[in-house]
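Everything on this sheet refers to the single structure shown next.
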Amino acid sequence: MTTKPLTYAEAGVSIDAGNALVKAIGPLARSTARPGAGAELGGFGGFFDLKAAGYEDPLLVAANDGVGTKLKLAIETGRHEGVGIDLVAMCANDLIVQGAEPLFFLDYYATGKLDNDVAAQVVASIAEGCRQAGCALIGGETAEMPGMYDAGDYDLAGFCVGAVDRDKVLDGSKIAPGDVIIGLASSGVHSNGFSLVRRIIADRRWKLDEILPSAGGQTLADLLLAPTRIYVRSLLPPVQEKAIKGLAHITGGGLLENIPRIMPDGRHARVTMDWPLPPVFEMLQQGGNLANEEMVRTFNCGVGMAVIVAPANVEAVTLRLEAAGEQVMRIGEVEAGERGCTVSGPGWSATHNA
């Protein structure tokens, strides 16, 4: 009995499809080129020239993250044009919090069967995120793994490296009582809390294509899939000029648990929620009957980045960030006390001590 010779393609993996994808996304990577990186794909690794980027005494800062179960909504709706921005944002925003400029980015795309149209949309959105963050897409990996993922499913991971000159590292050590906390508006739910979001959708049997009059005629999918805002270009100038004392990227853990991460010992952040809660968060809170404490430790509640500045710098930093396109609001202040954060609203208060 003669056994038919098998090929990798018959096992579910197409090398030709992978090569075609690399060729197709090459121009997308080149569109992210910046000083220090030409953003060419195809090698075994990507190079970056720190000297060409203008650094004299740099420290490298690295971050990695994913998009989480927000991807399930993107897959369900066939809308992949924003998830790459989410991927870059989750990494690049974490770098600027350290005072670092994002320099280059690499992605990991894994799926059961490669669909080049979907993959190209995803990589195009990653390239757009890199352009927004000012970093170069210098490489990545596409993994086709039959049996690991259901049909149509894919997962993403991102890796970003930035640099900051040694004397400009932002570590929060100079935060003092009386400092002011200002918030930069988020673009929506960003990329955290989506397991809870999806549970609410399932329990309430909401339709993703339902038009919401309270949201200006947008659909539920429009609101939930809005890409994470990237704050790098707005924040980098005042950070490099040392006009900002600390930054907190509001991700998983919400306002309550992220702000304490940058507090030195003996400093406590007090946040008063007197800004209008965006409609998408009102809907989620009502739909899930969520307590206020659950909201502020799960979602960003309309604030994607917390910025801590000395009182004398509040006006100048606010004006500069507004000129850069940010919606800025004063949300609290720093006081002496146990390292942590208290978030309060009318008739309620929640505290997390780090």
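The values are calculated or read from the model by the stated rules, or taken from the named source; none is laboratory data. Remember, it's a predicted structure, so these values are computed and weren't measured experimentally. Glycine also receives a Cβ, built like all others from the backbone with ideal geometry; neighbour counts cover every protein chain displayed. Calculation scope for accessible area: heavy atoms of the full protein, side chains included, ligands and nucleic acids excluded. Shrake-Rupley method; radii C 1.70, N 1.55, O 1.52, S 1.80 Å.
Once you order the gyration tensor axes a ≥ b ≥ c over the Cα atoms, which shape class does region 240-331 get: rounded for a/c under 1.5, otherwise prolate or oblate by comparing a/b with b/c? Cα axes put region 240-331 in the oblate bin.
Computing FRET efficiency as 1/(1 + (r/R0)^6) for Q240 and N289, where r is the C-beta to C-beta distance and R0 is 51 Å, gives about 0.70. Here region 322-354 and region 245-276 have alpha carbon centers that stand 6 Å from each other. As a calculated quantity, the FRET efficiency between R339 and D155 at R0 = 25 Å, using C-beta atoms, amounts to about 0.10.
A Förster distance of 51 Å, applied to the separation of the beta-carbon atoms of A120 and L60, puts the FRET efficiency at 0.95.
Gain on full extension, evaluated as 0.36 nm per residue between E282 and D49 minus their Cα-Cα distance, stands at 79.2 nm. Normalised per residue, the accessible area of the chain is 46 Å², obtained with a 1.4 Å probe and no contribution from ligands, DNA or RNA. Note on region 161-289: Rg/Rh from C-alpha atoms, Kirkwood Rh, equals 1.04.
Treating each Cα of the chain as an identical point scatterer and ignoring solvent, apply the Debye formula and state log10 I(q)/I(0) at q = 0.15 Å⁻¹. So the normalised log intensities are -1.29. Counted residue by residue at 0.36 nm each, then reduced by the alpha carbon distance between them, the extension gain from A143 to T351 reaches 70.6 nm.
Counting only protein heavy atoms and a probe of 1.4 Å, the accessible surface of the chain is 51% carbon and sulfur.
Database note for the chain: Cys without another Cys beta carbon under 4.7 angstrom, C130, C135, C301, C341.
The alpha carbons of region 165-235 stretch over 51, 27, 23 Å along the principal axes, in descending order.
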